[in-house]
Structure formats: C-alpha cells, structure tokens
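Asks: Have a look at this one before I ask anything.
Each reported figure results from applying straightforward, stated rules to the coordinates on display, with no laboratory input. Keep in mind the model is a prediction, meaning the values are calculated, not measured. Cβ coordinates were reconstructed from backbone atoms using ideal geometry, including for glycine residues, and neighbour counts include every protein chain displayed.
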C-alpha cells in the first residue's frame, strides 16, 4: 500500500514560515512544496496552502491574514445571492488573484522533480459558491430556490473549466476538490438532484481536456452519496475519516477501476502517541486488505503535524508492505 499524505499548509512548517507568508509569495510556495516533497516523496504534490480560497479570491473575495500560524480564511462573504454569482465575469487564469502564481509554481516544481506527480488543486462550484455567499446563505438558497442556485453553479463551473484548460496548456494535471458538497451540509437527495448533474457535466468536460478521468477529493460523510459519486466516472476517491469507512469500503470494494485513498484521522497523527498512530494505520490496513488500488491517506495535514510522525508512518507502511 502506498502512503499518500496530503500536504498543503503543512508545507509552510517544513521551511519554518507561516501559511500566510508562504501563500502570498511564489518563491516561498515553491520552496515549501519542494522541501516537503524532498522529505516525504508523497504523491500527488498539490500546489497550494489555502486551496479553497483560491478561486473565491480571484472573483474578488478578501483573504484575511490570520494570527500566528493559522490558515488564511475568507470570513466576509462577497455576495449574498445566486443572481450575483451569475453576474460575475468569467475567471481569467492569467490575471485574476493567485491563479497564475500557483500554475507557475507547479511548472517550476515539475521541472525540478520530473518524477513527481505535480497537480494544481481546482475547487468545485459548490465550494466556491459557499465561500462567495457564506455557507448559511448558500444553503438557504439551495433549499428555497434550488433551480436558481443550480444555474449559479453552472456559471461557476464554466470558469473552472477555463481554469483547467489553462492548467493543461501549461503541461500540468489537476485534482478536483469539492468537500463543501458533502453531507451533513448537503443532503443526499440535494446532492443527487441538484449538485450531481453540474459536477458530472463539468468533470466530463474537464476529462476531455486533460485526456483522462479526474481524481475527485470530497471529504465529509460521503458514504450516503457514494453511488452518486461513482456516476461522475472519477478514477480516484477518498474514503474520509469523517464517514463510516468500513461501510464505504464495502460499497466500493468491487470497483477496482477506482483508486481509493483511505484517510487516517489527522488528529491522531498530530496529537497521538506512536502506539495510537500505529493502531490507526493498522485499522485502515485491516479494512483494505485484499483490495487492489488503495492507498493510505492522512486527510489534510495540519500545519502543526510533527514531521517525524509522517516519516515514521511512511516507514511503518513500507515495513508492513
């Protein structure tokens, strides 16, 4: 089994800088992810620190500087209605926000580490809409006027397709992130009826651009929507620590065409004793034993994760293999 830690803001810790400083500086962003890859040799290398801020900021939302080593956030919604989202001009990956900075960093990492699987994280339309409007207003709109919200998601999806086209033009691959679309925030029925058609169409269009199915990273309690997720024709899903992982693995067991990354509880990796960390790894090994195309994930590594814990898990998994 491959060990696949998810390194975003944690990369800043490797070079002893704050996530805020690294997220705003292309040289530091490169140095942080280069240092993390040199140490962990993880796959994929997803370029970014505060990945779910990226597109909302490009549309005009303000990312605020946090205190200390906390993660930068967008705390004030830019918009309040689906109509305002539909009035947004299309994203320009060459000039809006930090989009071009992230792509340029990905290009540099790919040149430095030609064997690395360097990818640009691309947010899904639900995650962008929830950030632009605020989660409460988005969910209220979805409940009261779902068709209008769906049209807003389609508008945002078109911008993401353009972003992906530019990423592919630069010779890089993508990973698709859409954790805001998962239960318990959104019900399985809402996902199936209102969200899935948008995601399926968008992912099919992007897959045509890049020439292969997309890796789909969606956290939360995803077991109730797993049948819907499989309709997106993704080739890679995560089994989040927040869901019933045994039930998830049983439902997807025979779909060996799909790689499943089964995530550890990241809190154990940060705060657990070595015996507790080993027990968590062993638990995941036990529910995946015998299935092809599985890997061990961490969920997003918190900034404060001790790097030696990640090193020890990598060595432990290698020994168990």
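Asks: Going by C-beta contacts inside 10 Å, put 250, 31 in order with the fewest on the left. Let's see the in-between values first.
Replies: Working: 250 12, 31 18.
The fewest-first ordering by Cβ neighbours comes to 250, 31.
Asks: Here's a follow-up. In terms of the Cα gyration tensor, with a ≥ b ≥ c the square roots of its eigenvalues, is the chain rounded because a/c is under 1.5, prolate because a/b exceeds b/c, or oblate? Intermediate values should be presented prior to the final figure.
Replies: Working: a/c = 1.56, a/b = 1.20, b/c = 1.30.
Note, shape of the chain comes out oblate.
Asks: Rounded to two decimals, what ratio of Rg to Rh does region 165-321 give with C-alpha atoms and a Kirkwood Rh? Don't skip to the end; give the middle numbers.
Replies: On the way: Rg = 16.5 Å, Rh = 16.7 Å.
For region 165-321, the value is 0.99.
Asks: Would you mind calculating the relative contact order of the chain from Cα pairs under 8 angstrom and at least 6 residues apart, reporting the percent as a whole number?
Replies: On the way: 577 pairs, mean separation 62.1, N = 321.
That works out to 19 percent.
Asks: Oh, and also: If one computes the Cα centroid of region 171-212 and of region 260-321, what distance in Å separates the two points?
Replies: 27
Asks: Shifting gears a bit: Rounded to the nearest 500, what is the chain's calculated 222 nm mean residue ellipticity when only DSSP H runs of at least 4 contribute -39500 (n - 2.57) each, over all residues? Don't skip to the answer; put the middle values down first.
Replies: Numbers: 15 runs with 155 residues, N = 321.
Estimated from H runs of four or more residues: -14500 deg cm²/dmol.
Asks: Next question, about the same structure. So in the chain, what percent of DSSP beta bridges are antiparallel if you round to the nearest 5?
Replies: 5
Asks: So if each residue of separation counts as 0.36 nm, and I subtract the Cα-Cα distance between residue 209 and residue 244, what length gain in nm does that give? If you can, show how the numbers build up before the last one.
Replies: On the way: separation 35, 0.36 × 35 = 12.60 nm, distance 3.41 nm.
Taking 0.36 nm per residue and subtracting the Cα distance, the gain is 9.2 nm.
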